[in-house]
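Report on the structure given below.
The values are calculated or read from the model by the stated rules, or taken from the named source; none is laboratory data. What you are looking at is a predicted structure, and each value in this text was computed from that prediction instead of being measured. Neighbour counts run over all protein chains shown; Cβ positions are idealised from the backbone, glycine included.
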Amino acid sequence: MNKNSAKPEMVFYTGHKAILASGLITRKEYCNYRGWDLPEDEDGSELVRLVEYTDGGHSNDIRHLGYISMSPASVFEGAYKKSGEMSYGDAVFLLKRGHLVYRLGWNGKKMFLVYVEGTDYQLNTIAKNKLVGCTQLPWIGMKTAGNEFVPWLCSQTDGIANDWCVVD
């Protein structure tokens, strides 16, 4: 598509991405990192972030495992939340994609949540016989401070907290 082409039809989307991001750099620094010349019609002093997508896309730079791109700082800040500043909804989104999450506000250290697929757990023989034909649904489990793994339910304070983190 060139600058003289008709604008394509645009449709509204919203979404989540799991990414890694650099601190603020200039657009010129980003171009230098990529080995590119700064286009004449772009402001080299504009603040941007280098973004690496961790949930899809093939690597386009041998220094990174995921696909990398650049995001203007103002766009980035409106779209992404840093680990430790996420909502419970963000945490559930990440759980369903295989990440482990926890709250900064929890007293127990090394506690975290895990998304358990319905096919990932076994029923004892009696339960299995009584539940023939039932579908095993997924659930959220917690690794406790006492090094146990138990089913977990979200409390009201956990549900409205904005201090959710991803386990490194």
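Just one of the listed residues (Ile126, Ile140) is farther than 22 Å from Ala91 by Cβ and either at pLDDT 85 or above or polar (S, T, N, Q) (or both), namely Ile126.
Scanning region 78-96 turns up no residue that is over 17 Å from Gly15 (Cβ atoms), among the polar types (S, T, N, Q) and free of Cβ contacts under 8 Å to residues at least 24 places away in the same chain.
Scanning region 33-46 for residues that are within 19 Å of Phe76 (Cβ to Cβ) and either surrounded by fewer than 15 Cβ atoms within 10 Å (Cβ to Cβ) or charged (D, E, K, R) (or both) yields Arg34, Glu42, Asp43, Gly44, Ser45, Glu46. How do the pairs read when you match residues in region 5-34 that are assigned to a loop (DSSP other than H, G, I, E, B) with residues anywhere that are at pLDDT below 90 and among the hydroxyl-bearing types (Ser, Thr, Tyr), using Cβ under 7 Å and keeping only pairs 6 or more apart or on different chains? Hits for this filter: Ala18/Thr54.
Would you call Met111 among the hydrophobic types (A, V, I, L, M, F, W, C), over 28 Å from Gly15 (Cβ atoms) and at pLDDT 95 or above? Walk me through how you get there before you give the answer.
Details: among the hydrophobic types (A, V, I, L, M, F, W, C): yes; over 28 Å from Gly15 (Cβ atoms): yes; at pLDDT 95 or above: yes.
Against the criterion (among the hydrophobic types (A, V, I, L, M, F, W, C), over 28 Å from Gly15 (Cβ atoms) and at pLDDT 95 or above), Met111 qualifies.
Checked against (1) at pLDDT 95 or above; (2) closer than 25 Å to Arg97 by Cα; (3) among the hydrophobic types (A, V, I, L, M, F, W, C), Ile19 passes all but a single condition, namely (1).
When you look at Gly84, is it under 30 Å from Asn162 (Cα atoms), in contact with an Asp or Glu (Cβ under 8 Å, 6 or more places away or on another chain), surrounded by 14 or more Cβ atoms within 10 Å (Cβ to Cβ) and modelled with pLDDT under 95, yes or no?
Working: under 30 Å from Asn162 (Cα atoms): yes; in contact with an Asp or Glu (Cβ under 8 Å, 6 or more places away or on another chain): yes; surrounded by 14 or more Cβ atoms within 10 Å (Cβ to Cβ): no; modelled with pLDDT under 95: yes.
So Gly84 does not fit the description; no.
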